[in-house]
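**Student:** So that we are looking at the same thing, I have put the structure below in structure tokens.
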Amino acid sequence: MSWRNNKTNPYLTYAVILFFIFDGTALGLNIWLTQRVQNQTIELNLAGRQRMLSQKMVKEFLYAPPGAATPDLREKLSQTVNLFDRTLNAFRMGGTTLDTDGNLVTLNTFNNRHYFELVEKAWGTWVPMRQDLNNYTKTPTAELFLRINQRLDAQSTLLLNYMNELALAIETQARYETGQIRLLQTIALILGMLNFVAAFWLYRLRLQALEQEQSLIDSLLNSMPSAMVFTDDQGHLIQANPKFTALLGLDLDSAAQHKIEDLIIPYPDKQGIWQLSFLATHRAIVKVEKTSAYQDDKHLIVWRIEDVSEDFAEREQLSSLAYKDPLTGLDNRMAFEEHFNQQNQLACSDHLYALMFLDLNNFKQINDTFGHNKGDMILREVGFRLKQFVSDSFHIARYGGDEFILLLQNIRDEESAIAKAEYLVESLKAPYYVGSEILYIDASIGITTFTGKQSNTTKIISKADKAMYQAKKNHNGHNVHLIQWEG
């Protein structure tokens with residue numbers, strides 16, 4: 001795949017247009033010449049036939065003297081006279097006549113002055129003879145025969161000469177015009193060939209310019225520090241640099257078989273973050289920037305893709321540290337409060353929730369007696385035991401020191417919450433093996449229950465905290481105390 005600006009060089013366009021103009025001119029001249037030669041051939045043939053007809057009339061007239069002029073002879077003479085007259089009149093005024101094969105042809109009025117003068121002279125000589133000949137074919141009298149014979153002796157040669165001159169003039173003009181047109185054809189063809197050579201040369205220059213342009217673009221793309229991809233509006237790949245194929249772990253032909261949306265997919269729950277799809281050899285986390293571009297008025301999308309896997313992992317780790325208690329591995333206070341607020345926004349009025357506040361009993365004495373290191377070991381073990389209860393409906397976090405906070409969702413009734421709390425307390429009473437020491441500890445839990453969305457979550461936490469202190473105060477084997485929330 002290549003990125004090219006395919007806009008046509010205007011000089012190349014002009015050269016191609018001129019080539020077709022010159023070539024079309026030569027072709028047009030050839031067609032016009034062919035038609036002109038055909039017309040001149042017809043005129044030349046008809047002029048030659050007029051010479052023959054003038055001689056034929058004399059013979060047919062002499063073969064039909066009075067007394068011997070049979071109807072057949074007179075009919076033949078009449079046909080010859082009429083054909084000669086019709087053709088000469090067509091030369092003079094334009095019109096139709098019959099060609100040498102008996103086909104109807106149309107002649108145009110002569111524009112050549114010399115032609116016209118010859119035809120007019122022939123017409124002036126012919127008209128007096130035509131009337132007498134037409135009369136003779138109808139009534140062949142001796143007097144009319146004698147008069148026509150005298151006219152023919154005086155004027156038939158003159159009429160023949162006019163027809164000879166006309167034929168010669170037409171032939172000479174035809175040769176001259178043919179030569180001129182052939183010259184124009186040759187010039188047009190030469191110009192066309194020169195223009196073709198120029199067009200081909202410009203085309204080669206254009207190809208070289210495109211290759212240099214492509215080489216420059218490829219060089220720029222290959223030197224980009226990020227992966228670059230060009231696609232159409234439907235997401236089909238047009239071009240990509242090696243950084244992109246290296247990121248995918250695919251060659252360009254394999255990548256081009258898929259749309260860009262199949263290769264890069266949004267990362268779940270992370271706006272602005274993308275991930276390579278399963279089609280890639282590894283699922284890198286990437287950042288994507290899209291811009292528009294145009295190639296020959298065609299809209300393209302330019303994708304700039306940057307591998308941010310390491311940065312993303314570091315940010316996720318920092319985010320995890322910000323929301324996790326490093327000692328117990330449980331969520332910290334900030335994470336719990338954020339979770340509690342989110343769940344409160346989604347709370348349903350017919351669902352019962354329980355918020356529990358847990359505090360380890362006599363933990364300060366353990367710290368004072370055995371030291372903070374062993375106290376931390378106990379807290380770590382408490383966190384481990386509490387983790388076993390964490391689920392989608394039971395969220396547990398370390399609130400601070402030896403205090404833990406718990407949110408139980410969608411419980412059946414208050415007794416269920418109390419039973420859950422007592423079970424937690426029992427799980428914490430198991431012995432703790434701290435170095436060479438075996439220690440025991442229990443806990444007090446305060447509970448407050450509520451239904452539906454609450455306007456003040458801080459007061460709910462405070463109510464559970466108060467219930468926890470009440471459980472400590474009443475510590476007589478019952479480590480759980482519940483205060484109903486009436487917020």
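**Student:** Which is out of contact with any Ser or Thr (no Cβ under 9 Å at 6 or more places or on another chain), assigned by TED's automatic domain parsing to the domain that holds L352, over 23 Å from H351 (Cα atoms) and touching a residue at least 60 places away in the same chain (Cβ under 8 Å), of S436, S427, S444?
**Tutor:** S444
**Student:** I've got another one for you. I'm told S156 meets every condition in (1) of a type in the set (G, A, S); (2) farther than 23 Å from A167 by Cα; (3) at pLDDT below 85 except one. Can you identify the failing condition by its number?
**Tutor:** Looking at each condition in turn, S156 falls short on (2).
**Student:** For T141, are the conditions met, namely being surrounded by 12 or more Cβ atoms within 10 Å (Cβ to Cβ) and either touching a residue at least 24 places away in the same chain (Cβ under 8 Å) or over 60 Å from the mean Cα position of the chain (by Cα) (or both)?
**Tutor:** Values: surrounded by 12 or more Cβ atoms within 10 Å (Cβ to Cβ): yes; either touching a residue at least 24 places away in the same chain (Cβ under 8 Å) or over 60 Å from the mean Cα position of the chain (by Cα) (or both): yes.
Judged against the criteria, T141 is a match.
**Student:** Spot the failing condition for S309; the list is (1) of a type in the set (S, T, N, Q); (2) surrounded by 11 or more Cβ atoms within 10 Å (Cβ to Cβ); (3) modelled with pLDDT under 80, and only one is missed.
**Tutor:** Just one mismatch for S309, condition (3).
**Student:** While we're here: Does segment 273-295 hold any residues that are more than 16 Å from F230 (Cβ to Cβ), under 27 Å from the mean Cα position of the chain (by Cα) and either among the aromatic types (F, W, Y) or in a loop (DSSP other than H, G, I, E, B) (or both), and which are they?
**Tutor:** W274, S277, L279, A280
**Student:** OK, next. Take the conditions within 25 Å of I42 (Cβ to Cβ), surrounded by 16 or more Cβ atoms within 10 Å (Cβ to Cβ), assigned by TED's automatic domain parsing to the domain that holds M52 and among the hydroxyl-bearing types (S, T, Y) and apply them to T97. Does it pass? Step through it out loud before you land on a result.
**Tutor:** Values: within 25 Å of I42 (Cβ to Cβ): yes; surrounded by 16 or more Cβ atoms within 10 Å (Cβ to Cβ): yes; assigned by TED's automatic domain parsing to the domain that holds M52: yes; among the hydroxyl-bearing types (S, T, Y): yes.
It is true that T97 is within 25 Å of I42 (Cβ to Cβ), surrounded by 16 or more Cβ atoms within 10 Å (Cβ to Cβ), assigned by TED's automatic domain parsing to the domain that holds M52 and among the hydroxyl-bearing types (S, T, Y).
**Student:** What's the number of the only condition in (1) within 30 Å of E43 (Cα to Cα); (2) free of Cβ contacts under 8 Å to residues at least 40 places away in the same chain; (3) not hydroxyl-bearing (S, T, Y) that M193 fails to meet?
**Tutor:** (1)
**Student:** Is segment 252-272 home to any residue that is free of Cβ contacts under 8 Å to residues at least 60 places away in the same chain, over 30 Å from L210 (Cα atoms), outside any strand (DSSP E or B) and in contact with a Lys or Arg (Cβ under 9 Å, 6 or more places away or on another chain)?
**Tutor:** The initial filter retains those residues of segment 252-272 that are free of Cβ contacts under 8 Å to residues at least 60 places away in the same chain, namely 253-255, 257-272.
Adding the requirement that they be over 30 Å from L210 (Cα atoms) leaves 261-272.
In the following step, the residues that additionally are outside any strand (DSSP E or B) were identified as 261-263, 267-272.
Still in the running and in contact with a Lys or Arg (Cβ under 9 Å, 6 or more places away or on another chain): 272.
Yes, that holds for at least one residue.
**Student:** Can you tell me which residue is surrounded by the fewest Cβ atoms within 10 Å (Cβ to Cβ) among those in segment 391-403 that are in contact (Cβ under 8 Å) with a residue 60 or more places away in the chain and of a type in the set (A, V, I, L, M, F, W, C)?
**Tutor:** Ranking the qualifying residues of segment 391-403, first place goes to I396.
**Student:** I've got another one for you. If I filter segment 319-328 for residues that are surrounded by 16 or more Cβ atoms within 10 Å (Cβ to Cβ) and within 25 Å of E422 (Cα to Cα), do I get at least one hit?
**Tutor:** yes
**Student:** Can you name the residue in segment 347-403 that is assigned to a loop (DSSP other than H, G, I, E, B) and within 21 Å of A471 (Cα to Cα) and is also farthest from the chain's Cα centre (by Cα) among such residues? It would help to see each step written out before you state the result.
**Tutor:** Looking only at segment 347-403, we keep the residues that are assigned to a loop (DSSP other than H, G, I, E, B), and these are 347-351, 361-362, 371, 388-390, 392-393, 401-402.
Those left that are additionally within 21 Å of A471 (Cα to Cα): 361-362, 401-402.
Details: N361: 74, N362: 76, G401: 65, D402: 66 Å.
Result: N362.
**Student:** Given the criteria in contact (Cβ under 8 Å) with a residue 60 or more places away in the chain and not in a helix (DSSP H, G or I), does V229 qualify?
**Tutor:** Working: in contact (Cβ under 8 Å) with a residue 60 or more places away in the chain: yes; not in a helix (DSSP H, G or I): yes.
Yes: the conditions hold for V229.
**Student:** Taking L276, is it in contact with a Lys or Arg (Cβ under 6 Å, 6 or more places away or on another chain) and either modelled with pLDDT of 85 or more or on the phi < 0 side of the Ramachandran plot (or both)? Write out each step before concluding.
**Tutor:** On the way: in contact with a Lys or Arg (Cβ under 6 Å, 6 or more places away or on another chain): yes; either modelled with pLDDT of 85 or more or on the phi < 0 side of the Ramachandran plot (or both): yes.
Considered against the rule, which asks whether it is in contact with a Lys or Arg (Cβ under 6 Å, 6 or more places away or on another chain) and either modelled with pLDDT of 85 or more or on the phi < 0 side of the Ramachandran plot (or both), L276 comes out as yes.
**Student:** Now for a different question. Of the residues in segment 417-470, how many are basic (K, R) and over 18 Å from Y399 (Cα atoms)? Show your work before the answer.
**Tutor:** Our first condition is that a residue be basic (K, R); within segment 417-470, this holds for 420, 429, 453, 459, 463, 466.
Subsequent filtering for residues that are over 18 Å from Y399 (Cα atoms) retains 420, 429, 453.
Count: 3.
**Student:** Shifting gears a bit: Pairs needed: first member in segment 356-371, within 30 Å of Q409 (Cα to Cα); second member anywhere, polar (S, T, N, Q); C-beta distance under 7 Å; at least 6 residues apart or different chains.
**Tutor:** Within 7 Å, the pairs are D359/S444; N361/S444.
**Student:** Now a separate question. Could you check segment 404-441 and list, in sequence order, the residues that are outside any strand (DSSP E or B), touching a helix residue (DSSP H, G or I) at 6+ places or on another chain (Cβ under 9 Å) and surrounded by fewer than 19 Cβ atoms within 10 Å (Cβ to Cβ)?
**Tutor:** S427, A430, G435
**Student:** Of all residues in segment 397-442, count the ones that are under 30 Å from K453 (Cα atoms) and among the charged types (D, E, K, R). Talk me through it step by step, then tell me what you get.
**Tutor:** First, the residues of segment 397-442 that are under 30 Å from K453 (Cα atoms): 397-425.
With the extra rule that they be among the charged types (D, E, K, R), the set shrinks to 398, 402-403, 412-415, 420, 422.
Matching residues across segment 397-442 total 9.
The values are calculated or read from the model by the stated rules, or taken from the named source; none is laboratory data. Because the structure is a prediction, the values reported are computed rather than measured. No Cβ is skipped: glycine too gets one built from the backbone with ideal geometry, and neighbour counts run over all protein chains shown.
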